[in-house]
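Have a look at the structure below before the remarks.
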Amino acid sequence: MSIGRTFPEAVISVGDASARVKAMRITCAECGAVAYFPHQTGKARKPPVAAQQNFQNKGWVVGSGPRKDFCPIHAQPAARKGHGMKEKSFAAAATAEPPPTSTVEDRRLINMKLAEVYAEGGYASPWTDQRVADDLGVPRAWVTEIREGFYGPEGSNPLFDQFLAESAALQHMQGEIVEARKGVLDFIRKANDEAAKVRMRCDEFDSKVREVQALAKRVEREIGR
């Protein structure tokens, strides 16, 4: 019999901050919101299927893997249009189960990691709040809180900024090429129209020449009598 999906584990605080238990964690693939299911107190340990049922009872979509897990806000496919948008991330985080309180040691480790990967107003490529959270195995909300407190707004990734700038320049260049091509095609069409008119006039001219030549021969015959 299947034991259900397995989930990453985390140590969280329950009750007062001194009580620490092991919990299974699920993360929304759309916005990074998290929920926890305490599964071990002492030696007693609950199976993953219990965590899966718990998350589903709270409105989560539990997929076949982490990339298919979605919080209650993004449970419906229609709600996943704004993948990665901060506004939806905050809304989902508010609806999903709030993360436990971080300890002094948690905050110290996060701050040390941020000192390595965050500088000059933004993350070094390819780091983000979510990547730091995944690397340390902590809720994204902890990383966001400490990053905002010590470093200010998240800022953007310089490499991503470069990609956006160059993509915009490429799109602008493409627009210019499309307009230039349209102009050339219009010019060719007009030239073809004018060429057709010239050919028609030439045909009319040739016809008139033959008529005049025939008339000239008649005149010669009449004069020669």
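Rule-based calculations on the coordinates, nothing more; no lab input. The model shown is predicted, which means the values in this text are computed figures rather than measured ones. Every residue, glycine among them, receives a Cβ derived from its backbone with ideal geometry; neighbour counts consider all protein chains shown.
Entry note, region 102-156: relative contact order of 39 percent, from Cα contacts under 8 Å with a spacing of 6+ residues.
Measuring r between the beta carbons of Leu136 and Gln53 and using R0 = 25 Å, the FRET efficiency lands at 0.35. For region 102-156, the percent of C-alpha pairs falling in each 5 Å distance bin, counted from 0 to the bin holding the largest distance, reads 4, 22, 39, 25, 8, 2.
Would you please classify the overall shape of region 159-225 from the alpha carbon gyration tensor, given that a ≥ b ≥ c denote the square roots of the eigenvalues, rounded means a/c under 1.5, and beyond that prolate means a/b larger than b/c while oblate covers the rest? It comes out prolate by the Cα gyration axes.
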